[in-house]
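Q: Structure below; questions to follow.
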Amino acid sequence: MWEQFTRTAGLRVGLITKSDLVVRDIDILQEVSRRHSVTVILTITTLDCHLARALEPLAPRPDLRIEAVRALARAGIRVSVNVSPVLPLINDSELSIGKVAKAAAEAGAVGLGANVVFLKDCAKSVFFPFLQERFPTLVRRYEERFRDGAFLGGAYPDVIRERVRRIRRQHGLDAAGSPAQPELWPRDPQLTLFS
């Protein structure tokens, strides 16, 4: 797929992954970045390895993902980090999100985002047994919060948005921002009609 992007120019291309294997494509990502506005986003839910293993048993360790951020940034690829999902009373503290932000900034990430967990019925059927096993004291709270729908309401999402904004500023990270224009970005889109 990336090879197809080397034949065009002028697009905004994003990739979101939890896999550190993205570094295998650094060479082609560099070439695509000459032609398109490319952002690679690595999802890092927590830096706590034990918690990460419990939450994402099949995903690479957080330290491997931070090293992928470092390798991408060193190669000149625009890279950002997403803390997702933000789970109430599990990884939503200022300290937890702040540690991810600090490591991301030190590794060369330019941005930080976060998404509060949402639980559709199919996810609830997997998540609630996990909670019962790993965080039994939280089951009742989660059941109450998700009784009426998949998304958390009330002030909680706003609190997390403000927390992430504060942490982002503290570590010099961007929300989305505009990347620099690639070297081979089309200068006049009208001219491409005749090429």
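Q: Would you work out which of ALA54, ALA104, ALA9 lies farthest towards the positive end of the dipole of the chain, given +1 charges on the beta-carbon of Lys and Arg and -1 on that of Asp and Glu, about the Cα centre?
A: Value: ALA104.
Q: Follow-up question, since we're still on this one. Taking only C-alpha pairs under 8 Å that are 6+ residues apart, what is the relative contact order of the chain in percent?
A: 23 percent
Q: Tell me, what does the Kirkwood hydrodynamic radius of region 1-104 come to in angstroms if you use every pair of distinct C-alpha atoms?
A: 14.4 Å is the Kirkwood radius here.
Q: Next question. Based on alpha-carbon atoms only, what is the radius of gyration of the chain relative to the globular estimate 2.2 N^0.38 Å?
A: 1.16
Q: Using a Förster radius of 30 Å, what is the FRET efficiency between SER125 and GLN170 based on their Cβ-Cβ separation? Nearest 0.05, please.
A: Result of the calculation: an efficiency of 0.20.
Q: Could you tell me the center-to-center distance, by alpha carbons, between region 97-113 and region 47-85 in angstrom?
A: Taking the Cα centre of region 47-85 as reference, the centre of region 97-113 is 10 Å away.
All of the numbers you see were taken from the coordinates with simple rules; none came from a lab. Computed from a predicted model, the values in this text were never measured in an experiment. Cβ sites come from the backbone with ideal geometry, for glycine too, and all protein chains shown count toward neighbours.
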